[in-house]
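Read through the structure below, which is laid out as structure tokens, and then see the notes.
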Amino acid sequence: MVVSRRVFLQAAAAAGVVGAVGLGEGLAAAPARAASPAGDVVGKVTVGYQGWFACPGDGAPINGWWHWAQNWGQAPSNTNKSIVAWPDVREYPKTYATAFANLNNGQQASLFSSYDQSTVDVQFRWMKQYGIDAAALQRFNPTGGEGPTRDAMAGRVRSAAESQGVKFYIMYDVSDWTTMQSDIKADWTNKMSAHTASPAYARQNGKPVVCIWGFGFNDNQRPFTPTQCLDVLNWFKAQGCYVIGGVPTWWRTGDRDSRAGFSDVYHAFDMLSPWLVGRIGSAADADNFYNVATVPDLAECNAHGIDYQPCVLPGGVGDRQRAHGDFMWRQFYNMARAGVASAYISMFDEYNEGNQIAKTAESQSWVPAGSGFLALDEDGTACSSDYYLRLTGDGGRMLKGQLPVTAARPTQPFPTAPDTTAPTAPGGLRVTGQSDTTVSLAWNAATDNVAVTGYRVLLGDAVAATTTGTALTVTGLAPSTAYGFTVRALDAAGNVSPASGQVTATTSAATVPTGNLALHRPTAESGHTQGYGSGNAVDGDPNSYWESVNNAFPQWLQTDLGATLPVRRIVLSVPPAAAWATRTQTVEVQGSTDGTTFTRLLAPAGRVFDPATGNSATLTLPAGTSARHLRLVFTANTGWPAGQVAELQVYAS
């Protein structure tokens, strides 16, 4: 297991808060301004998202109690645990029984799996509900045994971000990644860059956002030289990315947790996000950091045209740092009075170290008996399980100018009496339509003592979809298949209603789509030269074309058909002009259903493009092939040192 960024010597933390209060006060006189205009990260609140919890039976390739237990092969228990805080799992559609004793309220001690799409959907729904703008998906070295699970998690995060209306981006953590310099480029090119085609992928200044965490730290986990770091950083910029640096606390002074000689690296980033976990643990520490770090850091960034995204910490539950929200609010207040435009919350789901803001056991009633876990009320103040989500939302509104800048925390730990009343079961569930892959449903609204906030549509025991309305179309079904559906209602407190009556529906026989399935569909690419972007390959114009980066094979072109469809034939062409002489391009065809994991559909082969036959080539796929995402990988071209496609046409027959 990787020792993460969060493990630091307390001595280093203590050294970080030594300094005269008052340093830099003059710099605070003029309100700070971000170097860039508001976008998906500037002027926004981003959370760090681990997404690294798994359980046996969830289908994850890692097949173990990933990050829940020290021994992943055994169920978590009092003697086999790697978490210090217990999550509130009442809203998760699916959980997994552990070897802990029952909760103190008698309920079974169960945990969620991040590998379940329904879990990620719930967590991103919370982000949307509580005013969180973006999630930075943590990506550690993906070349080892954890890689396939991390790859799949990227697809689940993308799906949840799209369905819930939250932005996301990839945040590489280079800790203990000895071959990082080459691996990170290959990983972005071959896997992660495909997600930038998502409308939910965060962009700043028109560029897809990537964060690299760990350059310049003065420890053995990240021994990279400034030359190596600049090579990687500039490579990502050459791919057209907006690059954030997760950097040491003392990046500006180049000492303590920062190696000397990294100034050029730090100043090359588009945005800097200095690390703070382990450096402060009280409101007094936060005030000191306002003077010795935040204000002068912000001035340095402004002087160099760099955006600034400092950390805000909820504090460790087990360390008793939270002070019923006063610690976190003091940080928000200090950021707001300094004029900081953007914030990074560390972290959303970090139950391993207890600094999560996601819903957490609110009292001892909701933790396993005898476990020793503290709850959010550890200092004697009752807090709702969503308190730190609410606090984050209010802090973000203060940074955005939607609330007045105030040192007095406006968010109440438990603003009202706990709501323990579940909604009534939805009535009148009915089928309103179906196709070969969909079933449309409608139902009568449930009622609640406060308010119904949404509905889960269940297919058997699994959640097929969620909605805030009283009608929904379930997609992705198999043709000519009978399905049984029920619906449950939810309220804001996480209470879930009994199930509605069940209805059954049988999808119709499959229909074979006609025409060019790729026409005007979204595209992605390894890169392009000049103005010859990937969209030219699906625009229906035979004279416009995609041309990859020159002299840089392999290169790839990809399209998203919008759904998993039968695919039998691909027709590729280059412009028909006489100037385009005969050429042979070596092309491999890959397919994917989720945009993350690709398999080979056709092996690399030379494809001849001859003006005498229309400068086109037809690639025939095996019978029964289906895919949503098609990727063409180019490794040679006798006519030009790049991949070239004027029209990418895809047909089901």
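A 1.4 Å probe run over the chain, with the rest of the protein chains in place, finds 37 Å² accessible per residue. Take the Cβ atoms of N71 and R256, set R0 to 51 Å, and the FRET efficiency comes out at 0.90. Derived scalar couplings between HN and Hα for region 238-255 equal 5, 7, x, 8, 8, 10, 9, x, x, 10, x, 4, 9, 4, 5, 8, x, 9 Hz in order, rounded to whole Hz, by the Karplus curve 6.51 cos²θ - 1.76 cosθ + 1.60 (θ = phi - 60°), x for Gly and Pro. Ligands, DNA and RNA left out, the 1.4 Å accessible surface of region 313-412 is 46% carbon and sulfur atoms. Look at where the Cα atoms of region 431-481 and of region 235-267 average out, and the two centres are 47 Å apart. Packing around the peptides 122-135, 621-634, 176-189, taken as the average count of other Cβ atoms within 10 Å per residue, puts them in this order, highest first: 122-135, 621-634, 176-189. For region 358-372, 3J(HN,Hα) computed residue by residue from phi via the Karplus equation (6.51, -1.76, 1.60; θ = phi - 60°) reads 4, 4, 9, 3, 8, 8, 5, 4, 10, 10, x, 4, x, 7, x Hz, glycine and proline entered as x.
Calculate, in nm to one decimal, what T514 and Q412 gain on full extension: separation in residues at 0.36 nm each, minus their alpha carbon distance.
Additional length available on full extension: 31.0 nm.
Taking the centroid of alpha carbons for each part, region 274-301 and region 521-539 are 43 Å apart. Amide H contacts under 5 Å for G639: T584, restricted to partners 5 or more places along the chain or on a different chain, H placed in the peptide plane at 1.01 Å from N. Figure note: E146, E547 ranked by solvent-accessible area, largest first, 1.4 Å probe, ligands and nucleic acids not counted: E146, E547. Here each label is just a point 7 Å from Cα along the line to Cβ, and for T638 and L230 those points are 4.3 nm apart.
Phi angles of region 468-480 translate, via the Karplus equation with coefficients 6.51, -1.76, 1.60 and θ = phi - 60°, into HN-Hα couplings of 9, x, 10, 7, 6, 10, 7, 10, x, 8, 8, x, 6 Hz per residue; Gly and Pro are given as x. Backbone amide hydrogens, once placed in the peptide plane, bring G454 within less than 5 Å of L490, excluding anything fewer than 5 places away on its chain.
Amide H to amide H, with H built 1.01 Å from N, W556 comes under 5 Å of S526, G527, F634, counting only residues 5 or more places away or on other chains.
Only beta bridges with both residues in the chain are counted; by DSSP, about 70 percent of them are antiparallel. What's the local net charge at D386, with K and R +1, D and E -1, over the other residues with C-beta under 10 Å away? Neighbourhood net charge equals -1.
A simple count of charges around A451, restricted to other residues whose Cβ falls under 13 Å of its Cβ and scoring Lys, Arg +1 and Asp, Glu -1, yields -3. Adding -39500 (n - 2.57) for every DSSP H run of four residues or longer, then dividing by how many residues the chain holds, sets the calculated 222 nm ellipticity at -5000 deg cm²/dmol. Between the alpha-carbon centres of region 88-154 and region 331-357 there is a gap of 20 Å. Length available on full extension from S653 to D541: 0.36 nm per residue minus the Cα-Cα distance, which gives 38.1 nm.
Charge tally for G131 (other residues, Cβ to Cβ under 15 Å; Lys, Arg +1; Asp, Glu -1): +3. Classify region 295-397 from the C-alpha gyration tensor, please: rounded if a/c falls under 1.5, else prolate or oblate depending on whether a/b exceeds b/c. Taking the square roots of the gyration eigenvalues as a ≥ b ≥ c, region 295-397 is prolate. Residues of region 321-349 falling in the label zone of Q402, defined by backbone nitrogen less than 15 Å from a point 7 Å along Cα to beta-carbon, are 342-343. Each label point was placed 7 Å from the Cα along the Cα-to-Cβ direction; for A578 and N220 their separation is 7.0 nm.
Extension gain for N551 to T420 (0.36 nm times residue separation, less C-alpha to C-alpha distance): 40.8 nm.
Which residues among region 85-104 fall inside the zone where the amide N is under 15 Å from a point 7 Å beyond the Cα of Q129, along Cα→Cβ? Answer for this model: 88-94. With the simple spin-label model, which puts each label point 7 Å out from Cα in the Cβ direction, the A612 to V450 separation comes to 7.6 nm.
The values are calculated or read from the model by the stated rules, or taken from the named source; none is laboratory data. All values derive from a computational prediction rather than experimental measurement. Backbone-built Cβ (ideal geometry, glycine too); neighbour counts: all protein chains shown. Heavy atoms of the whole protein, side chains included, go into the accessibility calculation; ligands, DNA and RNA do not. Shrake-Rupley method; radii C 1.70, N 1.55, O 1.52, S 1.80 Å.
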